[in-house]
Amino acid sequence: MTNKSADPATIALASYLQCQAALAGTARTAPAQVLPWALASYIAGAEPPAGLVDRVRADLGLYRLYRDLLTTRSQAWSFRQAAASSDPPSDERSGKGFRLEFRRSRATPGQIYATVVLDSPNTTERGLQVHVLGEDALLRLDFPAPFDGRSQRLFPANSPELSLLRRIDSELVLVTL
Amino acid sequence: MNAQALEANSTSVITTDESESQAAKTHVVIATTEGYAFIQRITEEDPGVQSVICLDGTVQDLRQVSSGYRDFVRRGSGVIARDFGHSAFRIDVSKPIDQGNSWQLPVYLAHALHQQGKLGDGKPQRGDRVLWATGEVDIDLSVRRVAGVAQKLAHAIAPVRELREQGIEVQLLVPTENMGEGAGHAEVLGSVSGVTRLADVLPQANPTLSSNEECISSNSSPTLSVSWLQRRWIWAALTAVALAIGVAGYFGYERLSNVDAVDLDDFGGRSAR
């Protein structure tokens, strides 16, 4: 994954939102060690500094900042739905602007294709990232540049990433790099 | 084998000898500038899946070549779905392969062998055959020149020698336009043949006979694909006969006896009487 820096507007927004949160007293911990532009860079596709994702999960203010920043970069969104822990994993997730299809490989039944299908096909050759916001987990997954409006990855069937991706009680946000 | 273009000394890679095809498998190698990679298997995936090339049965998608493979499969831009009647495939290869299009010739050959149930798993045994190939294939199934042939032949010397010592026949195929490159390596290797058209090595490969009406839907069974190839082969034979009669009519009866005199040898190749 090449290091990517966020655009200046996103960094400025991150700083602004961080300041607002601090002033409103909604930041429970002093986020001084977690620079807003590190979070903005992460959303833009850069490798996160060590511990960033864990801190975002643990700090409500940072989490809200993270979601706010995602809205500025998102191409498509699938909101969280109610689900029981006993619910089987879904074969398809749909959201505003896309759907996510899951198919078992005939070559190796222990592997599953996850395919992002865009409502408005991406005309550029830029990759996608899918941010997964679960109840107790945050994940970012790289997908290749769409081909005919579809972008596909292959996962082991028992992969925790795939499991989180398929849970309808996780939020999915698509970001174009 | 003398390093000649295969038009003059054609050897089909898919034999008509059923007894030979029962036991021995034909394995296909993609020659690369870094070494080589065996094609391990081809699987017809769900039509909703994008065609993909994966590494050694893992979830690792070789993305650089997978995108090219998707184009190669897709109707319109490619030839695989058109010629083999399915729209989504997965190929597993033993090692990573280069960017570029030189994998197309070995991949097409592998598809043809797979359709006949003759593709090996990349682990050849004594008595099997290996096709070691490189070349770009266009929409008309002509084989075009590629880069790095001398380097690819150099990388082939040691592994090919090892295979032959195990009693495994190895045939190397390069575009006719590339013949002469790496001449020293080719001389050491032996059995390096130039290919101009896929029909040189696959008698049933003839793009002029493909038609939209014959394109099979992605949900069709493999048996329909086999009868589709058989119909194409019959049309090829009828076309050849019609041409022969036309030529005879122009030049006279005596010329017909020579044009008509084409035998198939035991390996399905063409040789004149």
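Residues in segment B:172-191 that are modelled with pLDDT of 95 or more and either in contact with a helix residue (DSSP H, G or I) (Cβ under 6 Å, 6 or more places away or on another chain) or buried (at least 21 other Cβ atoms within 10 Å of the Cβ) (or both): 6 in all. Listed here are the strands (runs of 3 or more DSSP E) enclosed by segment A:65-166 that have at least 2 residues being farther than 30 Å from residue B:121 by Cα, within 14 Å of chain B (Cβ to nearest Cβ) and in contact (Cβ under 8 Å) with a residue 24 or more places away in the chain: A:111-118, A:138-143. In segment B:97-108 there is no residue matching the filter, namely being touching an Asp or Glu at 6+ places or on another chain (Cβ under 6 Å) and either closer than 26 Å to residue A:112 by Cβ or within 14 Å of another protein chain (Cβ to nearest Cβ) (or both).
Among the candidates B:107, B:79, the residue that is more than 14 Å from residue B:52 (Cα to Cα) and not polar (S, T, N, Q) is uniquely B:79.
For (1) under 21 Å from residue A:106 (Cα atoms); (2) in contact (Cβ under 8 Å) with a residue 12 or more places away in the chain; (3) among the small types (Gly, Ala, Ser), each residue gets a yes or a no:
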| residue | (1), (2), (3) |
| --- | --- |
| B:67 | yes, no, yes |
| B:96 | no, yes, no |
| B:109 | no, yes, no |
| B:129 | no, yes, no |
| B:135 | no, yes, yes |
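What do you reckon, is residue A:102 of a type in the set (Phe, Trp, Tyr), over 14 Å from the mean Cα position of the chain (by Cα) and surrounded by 19 or more Cβ atoms within 10 Å (Cβ to Cβ)? No.
Can you pull out the residues in segment B:93-118 that are outside any helix (DSSP H, G or I) and farther than 11 Å from residue B:29 by Cα? Spell out how you get there, then give the answer.
Restricting attention to segment B:93-118, the residues satisfying the condition of being outside any helix (DSSP H, G or I) are B:93-103, B:116-118.
B:96, B:98, B:99, B:100, B:101, B:102, B:116, B:117, B:118 - these are the residues of segment B:93-118 that are outside any helix (DSSP H, G or I) and farther than 11 Å from residue B:29 by Cα.
Here the condition is being within 23 Å of residue A:62 (Cβ to Cβ), modelled with pLDDT of 90 or more and surrounded by fewer than 18 Cβ atoms within 10 Å (Cβ to Cβ); of A:136, A:142, it holds for A:142 alone.
This table checks each residue for (1) among the hydrophobic types (A, V, I, L, M, F, W, C); (2) closer than 25 Å to residue B:116 by Cβ; (3) surrounded by fewer than 19 Cβ atoms within 10 Å (Cβ to Cβ); (4) facing another protein chain (nearest Cβ under 7 Å).
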site: B:38; (1), (2), (3), (4): yes, yes, no, no
site: B:46; (1), (2), (3), (4): no, yes, yes, yes
site: B:49; (1), (2), (3), (4): yes, yes, no, yes
site: B:60; (1), (2), (3), (4): no, no, yes, no
site: B:65; (1), (2), (3), (4): yes, yes, no, no
site: B:69; (1), (2), (3), (4): no, yes, no, no
site: B:75; (1), (2), (3), (4): no, yes, yes, no
site: B:81; (1), (2), (3), (4): yes, yes, no, no
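For the condition closer than 27 Å to residue B:83 by Cβ, modelled with pLDDT under 95 and surrounded by fewer than 22 Cβ atoms within 10 Å (Cβ to Cβ), residue B:116 qualifies. Pairs linking a residue in segment B:161-184 that is basic (Lys, Arg) to a residue that is buried (at least 18 other Cβ atoms within 10 Å of the Cβ), with Cβ atoms under 7 Å and 6 or more positions apart or on different chains, are B:164/B:170.
The values are calculated or read from the model by the stated rules, or taken from the named source; none is laboratory data. Quick caveat, the model's predicted, so the values are computed rather than measured. Cβ: placed from backbone, ideal geometry, glycine included. Neighbour counts: every protein chain shown.
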